[in-house]
Amino acid sequence: MWVQLLQHPASFPVACGLLGAMLFVWRNYLLVGEGRRALELKRQEHESLFKRHVDAIVALDSHGIVERANPAVTELTGRPAADLVGAPFMDLIAVPVHVRTAQALQTALGGKQNTIETQVPQPMGALADIELTSVPIVVNRNVVGTFEILRDATARKTMERELENRALHDYLTRLPNRALFADRLKHALRRGRRDGEYVALLYVDLDRFKPINDRAGHAAGDELLREISARLRTVVRDADTVARLGGDEFAVLLETVDSETQAITAAERIVALVRAPVVVDGEEHQVGASVGIAVSSPETEQPEQLVHQADVAMYDAKRRGGFQYRLYSPELEQVSSDWSLKLEAQLRRAIEKNELDLQYQPIVNSSTHEIVGVEALVRWTHPEHGPLLPASFIPIAEESSLIAELDRWVLDHGCREIQRLVDFGIADEGFFLSVNLSARHFDEPDFVAEISDILLRTKFDPDRLQLEITESSAGGDIEKVRMLKALGVKVAIDDFGTGFSSLSYLRDLDVDVLKVDKSFVFSLGADPASVAIVRTILTLAEMLELEVIVEGIEDETQLRHLEDLGGSFVQGYLFGRPVPASSLPPILSARTVIPGKAIVAPQPAPPEATDLPGRPDSPRKWVS
Ligand code: C2E
Ligand code: MG
Ligand code: MG
């Protein structure tokens, strides 16, 4: 046919047209084939990713029905992928979290990817904690279904729960700590108001504990505290709470009392039980209890009100010689307020007259033992009572705006003293000063501007300044943390692990440094869980790209427990006690410290949290 066509010149164009059309079809055929092959390759790539992904992945249609599931889903749920196809995705999810999970699917079907925490029942009946990411599947600009990616979060959740448990319990006695107690008190009062019932709060402060602790040693002191805790627990019902607030202070919460008499009976038993001798290491010791009782009335709104009353009553019991209880009455107020007002006035004067001092404790690189910075710690030599540790006067300053003045004094003074070392070439390039800030000061509106002023005034390089804030103060204002960082200042979370720490919150907060509280280090020998927790915190910090400073390392054994600290930093008596600025030049010139061998003979240890005569403790800061 071709020959015939070509033999007739008239039909030549027809032949060419036909040929062109055939070539066109042929080329398209080749192209389509190539496209198909490329598509097939892509499909296989996708399939490999889908099948081999370590996370469980489920593809759903727009009604939430499973279209496909990868083998990891079977591992997680114990159900073969084929059984799941055609079933609602919700069948995989634990019932109590259905609503939340359904909302997440709806959000994804609306075109918005999102991640939530949910739970999936496992073959043996246990519930797995899952991080669920819902991804919209978009075809031609329409959402036709979703991919559900299920990531096992059990390890992380366990770690969070462990940390939370640690944050809410006292490591020595395992009793609830101040934070948990404050929470229980708040709820008890709310319930009391609702049901018209009374709540009683008993504050217990031990008498003559300190001399035993000093004479027989801390281990004996700890043993005694554990024994007293066990006795206190026998006084209350299951619904009630016994907490250790710190040191030798305890609190008892009686959830429902019919009358004051019931609270008095409990206090009488406490006084009697505590005064019974305690035998530690074959030696008999006797301590006493000063108990302050406060009973709520239906008008009691604020926990602080009850706490204050119990505190005032306890102080009165103490003033009368201890080993007794006192019930709160308004007449007791005068005595208490006189005391703290006097101390507050004296502290105000001391700040104005520049009578406070700073001591500096080295912060050391854990592998090279190089000194990288110092933490400024305030000291006050009281005209009558002698040298005081911050625990004796900071809480009083925190009750008023005085704390901001104290913080400003410390910052100004610290920057000047360290700047002098910089000017003399004694402080290295990266050497930094770490300063503690109180939550109350941090909350003030002009706080960031103030820091900036002080830096300008003292000509202190912001890169050399680290500000230590606590978990609770930082939580309130993420923006402020950002503004501080914008100044060039580093921000550290102090005493990490003692507040209500949530790991996800840390992620948002964007601080630079975590200071692991010394209570974790103290319990390293006695409590194997502590090692695991400190390691976990280190791993977490690494994930969040945070630096870590582990506080309170006192001896070689604790250091050995923490041998694999990696690139973090340490602080503690083993590397140096707090010293005045005048002792810093020789320490810094040596650059490194040998653990246990301070270069300068350490200052005599200040008297431990010197109790002021006539007053067992300073007023407390409560519920955050
Ligand atoms: P912090 O910020 O956690 O400071 C560390 C505390 O642990 C210091 O107690 C330090 O002397 C002590 N320490 C360091 N290494 C060891 C160790 O190996 N073993 C033991 N047992 N303790 C160690 P300090 O000076 O009594 O301060 C207590 C707290 O008072 C500080 O805890 C901080 O929260 C507050 N504070 C101190 N100075 C200031 C200040 O200038 N401003 C504010 N707002 N608070 C301050
Ligand atoms: Mg600190
Ligand atoms: Mg600390």
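The values are calculated or read from the model by the stated rules, or taken from the named source; none is laboratory data. Because the structure is predicted, anything quoted here is derived from the model rather than measured. Note: ideal-geometry Cβ built from the backbone for every residue, glycine included; neighbour counts use all protein chains shown. Side chains included, ligands, DNA and RNA excluded: accessible areas come from the protein's heavy atoms. Shrake-Rupley method; radii C 1.70, N 1.55, O 1.52, S 1.80 Å.
Hey, can you tell me all the residues within region 454-469 that are within 16 Å of ligand 1 (Cβ to nearest atom) and within 28 Å of the chain's Cα centre (by Cα)?
L465, Q466, L467, E468, I469
Inside region 146-190, can you point out the residues that are buried (at least 21 other Cβ atoms within 10 Å of the Cβ) and in a strand (DSSP E or B)?
T146, E148, L150, P176
Given (1) part of a helix (DSSP H, G or I); (2) modelled with pLDDT under 85; (3) touching a helix residue (DSSP H, G or I) at 6+ places or on another chain (Cβ under 8 Å), identify the lone condition not met by R535.
Among (1) part of a helix (DSSP H, G or I); (2) modelled with pLDDT under 85; (3) touching a helix residue (DSSP H, G or I) at 6+ places or on another chain (Cβ under 8 Å), the lone unmet condition for R535 is (3).
Conditions: (1) in a loop (DSSP other than H, G, I, E, B); (2) over 19 Å from the mean Cα position of the chain (by Cα); (3) away from ligand 2 (no atom under 16 Å from the Cβ). E545 meets all but one. Number of the miss?
Every listed condition holds for E545 apart from (2).
Can you confirm whether G292 is assigned to a helix (DSSP H, G or I) and open to solvent by less than 10 Å² (accessible area, probe 1.4 Å)?
Considered against the rule, which asks whether it is assigned to a helix (DSSP H, G or I) and open to solvent by less than 10 Å² (accessible area, probe 1.4 Å), G292 comes out as no.
State yes or no: is L343 assigned to a helix (DSSP H, G or I) and modelled with pLDDT of 90 or more?
no
Mind checking which strands (runs of 3 or more DSSP E) fall wholly inside region 31-121 and carry at least 2 residues that are more than 12 Å from F147 (Cα to Cα) and open to solvent by 50 Å² or more (accessible area, probe 1.4 Å)?
Hits in region 31-121: 114-121.
Can you pull out every residue in region 516-533 that is within 15 Å of the chain's Cα centre (by Cα) and within 14 Å of ligand 3 (Cβ to nearest atom)?
V516, D517, K518, S519, F520
Take the residues of region 353-375 that are touching a strand residue (DSSP E or B) at 6+ places or on another chain (Cβ under 6 Å) and not in a strand (DSSP E or B): which is least open to solvent (accessible area, probe 1.4 Å)?
S366
Count, please, the residues in region 237-249 that happen to be open to solvent by 20 Å² or more (accessible area, probe 1.4 Å) and either assigned by TED's automatic domain parsing to the domain that holds T498 or farther than 22 Å from K318 by Cβ (or both).
3
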